[in-house]
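What follows is a short report on a single structure.
Quick note: the coordinates plus some simple rules give every number you see, no bench work behind them. These numbers were taken from a predicted model, which means no experiment stands behind them. Using ideal geometry, Cβ is built from the backbone for each residue, glycine included, and neighbour counts are taken over all protein chains shown.
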């Protein structure tokens, strides 16, 4: 069992290790959009149009939240943290695939960043965001979510 746990952590670290490199000067900051005053379509559509994220979601949750992978490592940031995934769902919008469960809401969006939840929350609040901050992997991945 310990071997599996070590393998699982090694897999997570291998996936996020490129994101631990210094942020380059061409990174696009999502901070203004993460003020939670928008909707998923307005958040995701420009990122797709400008090819900041892959058009095909890497994962669609049962609650219909779509997770999109950044097109290049380090090209997106949120509150100074590298973005690991961009999240979104809007009911009836062709940009999003529907999951096999009950949709989370009519519209929700956000990002998963590489960083500890307490630090991400401090930066988000300093920027004036009312987003929900949720720890995904302790000290490693944190979700910034605008929605219910």
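What the table below lists for this structure:
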{"item": "Segment 49-62, residues that are part of a loop (DSSP other than H, G, I, E, B) and crowded, with 16+ Cβ neighbours inside 10 Å", "result": "52, 57, 61"}
{"item": "Output for segment 130-144, where each listed residue is within 15 Å of the chain's Cα centre (by Cα) and either without any contact (Cβ under 8 Å) to a residue 60 or more places away in the chain or part of a loop (DSSP other than H, G, I, E, B) (or both)", "result": "131, 132, 133, 134, 135, 136, 140, 143"}
{"item": "Criterion (surrounded by 14 or more Cβ atoms within 10 Å (Cβ to Cβ) and touching a helix residue (DSSP H, G or I) at 6+ places or on another chain (Cβ under 6 Å)) met by exactly one of 114, 104", "result": "114"}
{"item": "Count of segment 72-127 residues which are part of a helix (DSSP H, G or I) and under 18 Å from residue 139 (Cβ atoms)", "result": "8"}
